[in-house]
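Read through the structure below, which is laid out as structure tokens, and then see the notes.
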Amino acid sequence: MSTKVRTTTRYLLTEQLKLLGWALLAVVMIMVIIPLLFSLVTGNISNYSFTGSISNLALGVLFFFFIFIIESLTYDNFKLLIQNGISRRTYWQARVNTVVLLSLIGTILAFIYAYGVHAPLNHLSSNSILLDALHGPYVYFFGNNLVLGILVGMLLTWIFFIGTGLTGMACGSLLALFSKWIQRLLVIVVPVLGAFLLGFMISASDHQQTNYNFDGLVTVFKFLFGFPLHGNPKMGYLNPTMPVITMLIGCAIMGGLAYLFNRKLKIKN
Amino acid sequence: MSIQVQAIQHAFHGQTVLDDLNLTIEPNKIYGLLGRNGAGKSTLLNIISSRIFANSGSVTMDDQPMQDNDSTLGKLYLMSEVNLYSERSRIKQLFHTTALFYGDFDFAYAAKLADSFGLDTNARFGKLSTGYRTICKLIIALCVPADYIFLDEPVLGLDANHRELFYQELIETYSDNPRTFVISTHLIEEVANLIEHVFVLDEHRLTLDGDVSDILTQAYTITGPATDVIAYTQGLNVIGEDHLGGITAHYVYGSLNDDRPLPDTVTVEHLDLQKLFVNLTNTKKEAATHVN
């Protein structure tokens, strides 16, 4: 790693960690402090539960949104870095490094919170938390060991966060190529179209319309996520190889797209 | 070590901004980049510093491409008219960020300059007036350890006292630590004594590229009665003219052809850089208006 890549990575990571700290503080304010103050003002303090509030912060979900949004912010850092003689290629490499490191930090925080705060305060077993998570179907593939299961879960979560960050990077780099007006248009139109498409697919599959057969698509998704094509999956014991490969390919595609868009960034007047 | 700009072509929304531009920027010289509004000065500086892309052509530093190249970009600093710093950042933070990426930032000199200009380094960049934003960028430009410093409109929003202070500091820092400065400005009179070499952009092309002293030795004002002046300047490269009462002035760029006799009624003087620039870049329409 060149000195410039290292310096830029350090700069971006420091800035993003500061923002993560602010985001966590904001969540604590919204989920814990404000309800407490509200309870105090309205005289309902007896109904307020500090442990209830602090134990349901959903840090994993927060981090998912955080890393997508923070990595999509492209132009401001590009401006500052090109002003300081940093090339687009170095900026991209440093961003990828930052995504990998920040995702690791986010994963560790989310797991510490889940098993150190959420589980004990809600009187949940570590096993049930592990199986209820998105990585739940795969955690016991390597053996019926909780620690090993948590490590598998952490690995899958880490890769998932990296993919989320890289997707944010690709989207942000693409948006940064357009004027503010077109950016706003895309930010509004694309999610609406996406929701419309999703709604259409759900409705078409619900009504068993003969014109639309999603069996092929379902089979592809089952294959990509390592579910058996026939029969019921044995949750917790599925092979994580396919989802790992799928996520890594997704990461490579998103990282590649981010690279292509990043190379075209330029200063706007 | 020099920067070579070769056959640069750039168009924006179908309109040519730079057309087949070639120039070389040598080390340890102060250059003036002059041109009228929209001539393409900022575009050229942005292309050299890899902030935007030319449609064709190349910019190299010792045969190394400048585009997306950390090793060459790190030897260059462009202080642009457009603000690229975060509005939320404090000035001292910007000094530290610059030091992080360029290394060896002269903090002592930056503190001295901030004090001289009256810049509060605890202030946020976004809270500064236009003039103080310029001052902040100028301080960074003068303290950054780059071999090539490009200053695009360096005195934008500065009052006369601050402009004077900037020119003094520029001369001092250049004497102490010679490096290349390229100054793009409209205030030609103020920089005329600073710059050693001048590039003039006109109609998207480089129309003048030479040492100021050489150029000015070839620039003349021929003054006298209209008939005598017209007779004397016939066949010479007359780039403009002025009339005041019965007196006519012809501005000539190029050799005077010394064997022609100089009438007693006609005087020959050298042009200053600003007058030369104005006459070189006046469009025909404007020149006609000026004459009438």
Which order results if A:F223, A:F64 are arranged by neighbouring Cβ count within 10 Å, fewest first?
A:F223, A:F64
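What's the Cα-based Rg to Rh of chain A, Rh via Kirkwood?
1.01
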Answer check: segment B:218-291, Cα atoms, Kirkwood Rh, Rg/Rh ratio of 0.94
Can you tell me which of B:L201, B:L138, B:L236 moves the most in a GNM of chain B? Springs connect C-alpha atoms under 10 Å apart.
B:L236
Highest GNM mean-square fluctuation among B:G245, B:G235, B:G74, for chain B with Cα springs under 10 Å, belongs to B:G245
Residues A:W181, A:W92 arranged by fewest to most Cβ contacts within 10 Å
A:W181, A:W92
Assigned charges on the beta-carbon of Lys, Arg, Asp, Glu; segment A:201-269 dipole about Cα centre (debye):
560 debye
Size-normalised alpha-carbon gyration radius of segment A:111-170, reference 2.2 N^0.38 Å:
1.22
For chain B, set up a GNM with springs between Cα atoms under 10 Å and report which of B:E26, B:E269, B:E169 has the largest fluctuation.
B:E269
Does segment A:167-261 classify as rounded, prolate or oblate by the C-alpha gyration tensor (a ≥ b ≥ c root eigenvalues; a/c under 1.5 gives rounded; else a/b over b/c gives prolate, otherwise oblate)?
oblate
Inter-label distance, nm, simple model (7 Å from Cα along the C-beta direction), A:L73/B:H96
1.8 nm
To make sure I understand, if each residue's beta carbon is the centre and we count other beta carbons within 10 Å, what order do B:D259, B:D202 fall in, fewest to most?
B:D259, B:D202
So what does the Cα-only Debye profile of the protein assembly as shown read at q = 0.09 Å⁻¹, as log10 I(q)/I(0), no solvent term?
-0.85
Report the far tail of the P(r) of chain B, meaning the percent of Cα-Cα pairs longer than 24 Å.
56 percent
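Per residue, how much space in cubic angstrom lies within the convex hull of the C-alpha atoms of segment B:98-198? Don't skip to the end; give the middle numbers.
Details: hull volume 10.6 nm³, N = 101.
Output value, Cα hull per residue: 105 Å³.
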What does the convex hull of the Cα atoms of segment A:81-191 come to per residue, in Å³, rounded to a whole number?
152 Å³
Per-residue [θ]222 nm for the protein assembly as shown (sum of -39500 (n - 2.57) over DSSP H runs n ≥ 4, rounded to 500):
-16000 deg cm²/dmol
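Since every read-out is calculated from the coordinates, none of them should be taken as a lab result. As the structure is a computational prediction, the values presented were derived from the model and not from experiment. Methodologically, a virtual Cβ is constructed for each residue, glycine included, from the backbone with ideal geometry; neighbour enumeration extends over all protein chains shown.
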